[in-house]
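Asks: Have a look at this one.
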Amino acid sequence: MRAVILVGGEGTRLRPLTSELPKPAVKLVDRPLMAFMLEWLAANGIVEVVMACGFKPDAMRDALGDGGRFGVQISYVAESEPLGTGGALLFADQQSPSGLGERFVMCNGDVLTDLDLAAQITRHREFGAQATLSLVPVADPSSYGLVRVGDDGEVLGFLEKPEPAQIDTDLISAGAYVLERSVLDLIEPGRAVSIEHEVWPQLVGHGLYGVASRNAYWLDIGTPSRYLDATADILSGAVKTKAGARLDDQGLAIGEGCRIEGELIGPSVLGDNCTVAAGATVGPSAALGDGVEIAAGAKIEAAAVLDRCSIGAGAIVRNAILSPDVKVGDEARISELAVVGSGVSVAAGSVLDDGAKVFASGHGP
Ligand code: GDD
Ligand code: MG
């Protein structure tokens with residue numbers, strides 16, 4: 001069975017982390033963000049993937065290649081203008097050499113989950129459904145697709161971005177779907193179509209089912225705070241991933257060629273060729289990319305510090321994200337969900353906090 005992954009969004013809320021690279025290509029812990037979804041699909045028996053791209057397909061191809069190292073085979077299709085979630089699906093079917101097939105999976109590309117997709121595919125078959133949605137509980141469904149479901153799994157109502165007064169369940173669409181080919185007939189060709197607004201409501205009562213996963217991990221990685229939550233949850237093992245499985249019994253995974261003189265506190269991951277000077281502390285919940293240099297007395301905690309960053313003596317990076325090639329001066333303090341864009345130099349002694357976003361020159365907000 002094939003899967004189509006929708007990756008048309010621009011990832012604007014994660015800027016400047018996503019100013020230079022599309023979100024799926026940005027590193028999360030130790031691999032491109034999209035790798036987590038590809039490895040999850042492979043673990044659920046799906047190895048043929050069509051990447052339905054809108055934004056910067058070349059950068060995506062550079063980051064993911066043919067998918068071989070993630071256990072899948074990827075082909076890419078790129079819309080010349082955004083076709084919406086439904087339009088992108090139809091386009092992917094038309095552009096793929098042999099189409100998507102009689103039954104296939106569709107996934108929103110911005111989700112980190114370990115839910116049991118193989119079981120959902122089995123349930124879909126048992127239901128005899130046209131479309132089966134994965135469902136997860138959330139505290140506030142208002143920014144998702146709310147799904148009312150009966151005891152037998154049949155969907156009784158679908159409301160995209162419900163108003164507070166309409167919320168009468170905690171279950172939302174998790175963005176992973178098993179679909180029969182007949183669903184494509186409900187998408188009008190030649191224009192942008194939202195599958196959430198135009199197709200799911202139409203399918204209610206006509207073979208639309210849902211499978212709830214109340215104990216699985218699920219997160220839509222749309223904001224800096226959620227990117228850091230995802231980092232912490234991968235490191236702690238709250239979500240089951242190949243990246244998390246690399247950690248040893250101290251909760252550490254250290255790349256090749258690292259020079260460690262300071263203290264490492266798990267769970268944390270260091271890429272290749274990192275340097276941690278004496279008196280520096282890295283962790284808990286720190287993810288360092290490749291070639292990161294941490295000077296004496298610096299502290300990195302609950303943070304993502306991507307490739308080739310250097311952190312000056314006595315600096316603190318806590319609950320913050322540094323894009324590749326950032327230079328942090330001595331005694332600077334970066335915290336409280338600050339995000340620094342690639343190549344930026346943060347002056348010695350400066351303070352970035354309260355969600356500060358620092359863009360590289362030439363990259364506006
Ligand atoms: N190729 C392509 N073209 N992809 C698109 C397009 C497009 O025109 N528009 C959106 N996408 C992709 C996004 O990149 C994302 O991976 C996915 O489709 C969903 O779009 P979002 O913009 O992230 O939607 P959302 O998060 O507000 O809501 C969706 O996801 C929720 C779960 O996270 C809906 O499907 C909700 O029903 C669902 O609950
Ligand atoms: Mg989303």
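The values are calculated or read from the model by the stated rules, or taken from the named source; none is laboratory data. Here the structure is a predicted model, which means the values were calculated and not measured. When we count neighbours, we look across all protein chains shown, and the Cβ atoms used for this are built from the backbone with ideal geometry, even at glycine. The area values use the complete protein model at the heavy-atom level, side chains included, leaving out ligands, DNA and RNA. Shrake-Rupley method; radii C 1.70, N 1.55, O 1.52, S 1.80 Å.
Asks: So which strands (runs of 3 or more DSSP E) stay within region 1-100 end to end and still have 1 or more residues that are without any contact (Cβ under 8 Å) to a residue 60 or more places away in the chain and of a type in the set (D, E, K, R)?
Replies: In region 1-100, 48-53 are the strands (runs of 3 or more DSSP E) which contain 1 or more residues that are without any contact (Cβ under 8 Å) to a residue 60 or more places away in the chain and of a type in the set (D, E, K, R).
Asks: Here is a follow-up. Restricting to region 224-249, name every residue that is within 16 Å of ligand 1 (Cβ to nearest atom) and farther than 19 Å from Glu301 by Cα.
Replies: Val239
Asks: To continue, here is another question. Is there any pair linking a residue in region 217-234 that is part of a loop (DSSP other than H, G, I, E, B) to one that is open to solvent by 40 Å² or more (accessible area, probe 1.4 Å) and within 14 Å of ligand 2 (Cβ to nearest atom), with Cβ under 7 Å and at least six apart or on different chains, and which?
Replies: Pairs that qualify, where the first residue is part of a loop (DSSP other than H, G, I, E, B) and the partner is open to solvent by 40 Å² or more (accessible area, probe 1.4 Å) and within 14 Å of ligand 2 (Cβ to nearest atom), are Ile221/Asp110; Gly222/Arg13; Gly222/Asp110; Thr223/Arg13.
Asks: Next question. For region 214-234: of the residues being within 16 Å of ligand 2 (Cβ to nearest atom) and of a type in the set (Asp, Glu), which is surrounded by the most Cβ atoms within 10 Å (Cβ to Cβ)?
Replies: The extreme case among them is Asp220.
Asks: Looking at region 247-300 only, could you name the residues that are small (Gly, Ala, Ser) and outside any loop (DSSP other than H, G, I, E, B)?
Replies: Ala253, Ser268, Ala286, Ala287
Asks: Which of (1) under 19 Å from Gly222 (Cβ atoms); (2) within 16 Å of ligand 2 (Cβ to nearest atom) is the odd one out, the single condition Leu89 does not satisfy?
Replies: (1)
Asks: Could you please find all residues in region 85-117 being open to solvent by less than 40 Å² (accessible area, probe 1.4 Å), within 12 Å of ligand 1 (Cβ to nearest atom) and over 26 Å from Leu28 (Cα atoms)?
Replies: Correct list: Gly86, Gly87, Leu89, Leu90, Ala92.
Asks: Among Ala129, Ala59, which is modelled with pLDDT under 95 and more than 16 Å from ligand 2 (Cβ to nearest atom)?
Replies: Unique residue meeting the criteria: Ala59.
Asks: Has region 144-155 got any residue that is in contact with a strand residue (DSSP E or B) (Cβ under 8 Å, 6 or more places away or on another chain), of a type in the set (D, E, K, R), part of a loop (DSSP other than H, G, I, E, B) and modelled with pLDDT of 95 or more?
Replies: no
Asks: Taking region 104-163, which residues are in contact (Cβ under 8 Å) with a residue 60 or more places away in the chain and of a type in the set (Asp, Glu)?
Replies: Residues satisfying the conditions are Asp110, Asp114, Asp116.
Asks: So is Ala42 more than 15 Å from ligand 1 (Cβ to nearest atom) and not β-branched (Val, Ile, Thr) or not?
Replies: The answer is yes for Ala42.
Asks: When only residues in region 130-143 that are out of contact with any helix residue (DSSP H, G or I) (no Cβ under 8 Å at 6 or more places or on another chain) and over 14 Å from Ala212 (Cβ atoms) count, which is surrounded by the most Cβ atoms within 10 Å (Cβ to Cβ)?
Replies: My answer is Ser143.
Asks: May I pose another question? How many residues are β-branched (Val, Ile, Thr) and part of a loop (DSSP other than H, G, I, E, B) if we restrict to region 335-365?
Replies: Qualifying residue count for the region: 1.
Asks: Do the conditions hold for Leu135, that is, is it assigned to a helix (DSSP H, G or I), of a type outside the set (Gly, Ala, Ser) and closer than 19 Å to Gln202 by Cβ?
Replies: no
Asks: Mind listing just one residue for me: the one in region 320-336 that is surrounded by fewer than 19 Cβ atoms within 10 Å (Cβ to Cβ) and not charged (D, E, K, R) and, of those, nearest to Leu28 (Cα to Cα)?
Replies: Ser335
Asks: Can you confirm whether region 191-201 contains a residue that is within 21 Å of Asp110 (Cβ to Cβ) and of a type in the set (Asp, Glu)?
Replies: Checked region 191-201: at least one residue is within 21 Å of Asp110 (Cβ to Cβ) and of a type in the set (Asp, Glu).
Asks: Within region 158-172, is even one residue more than 10 Å from ligand 1 (Cβ to nearest atom), in the same structural domain as Leu83 (by TED's automatic domain parsing), open to solvent by 30 Å² or more (accessible area, probe 1.4 Å) and in a strand (DSSP E or B)?
Replies: Among the residues of region 158-172, not one is more than 10 Å from ligand 1 (Cβ to nearest atom), in the same structural domain as Leu83 (by TED's automatic domain parsing), open to solvent by 30 Å² or more (accessible area, probe 1.4 Å) and in a strand (DSSP E or B), which makes the answer no.
Per-residue answers, yes or no, for (1) open to solvent by less than 30 Å² (accessible area, probe 1.4 Å); (2) closer than 20 Å to Gly289 by Cα; (3) within 13 Å of ligand 1 (Cβ to nearest atom); (4) touching a helix residue (DSSP H, G or I) at 6+ places or on another chain (Cβ under 7 Å):
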| site | (1), (2), (3), (4) |
| --- | --- |
| Leu6 | yes, no, yes, yes |
| Glu20 | no, yes, no, no |
| Ala52 | yes, no, yes, yes |
| Phe70 | yes, yes, no, yes |
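Asks: How many of the residues making up region 194-213 are buried (at least 17 other Cβ atoms within 10 Å of the Cβ), within 16 Å of ligand 2 (Cβ to nearest atom) and part of a loop (DSSP other than H, G, I, E, B)?
Replies: Residues in region 194-213 being buried (at least 17 other Cβ atoms within 10 Å of the Cβ), within 16 Å of ligand 2 (Cβ to nearest atom) and part of a loop (DSSP other than H, G, I, E, B): 0 in total.
Asks: Same structure, new question: It is to be established whether one or more residues within region 180-193 are within 16 Å of ligand 2 (Cβ to nearest atom), at pLDDT 95 or above and open to solvent by less than 60 Å² (accessible area, probe 1.4 Å).
Replies: Checked region 180-193: no residue is within 16 Å of ligand 2 (Cβ to nearest atom), at pLDDT 95 or above and open to solvent by less than 60 Å² (accessible area, probe 1.4 Å).
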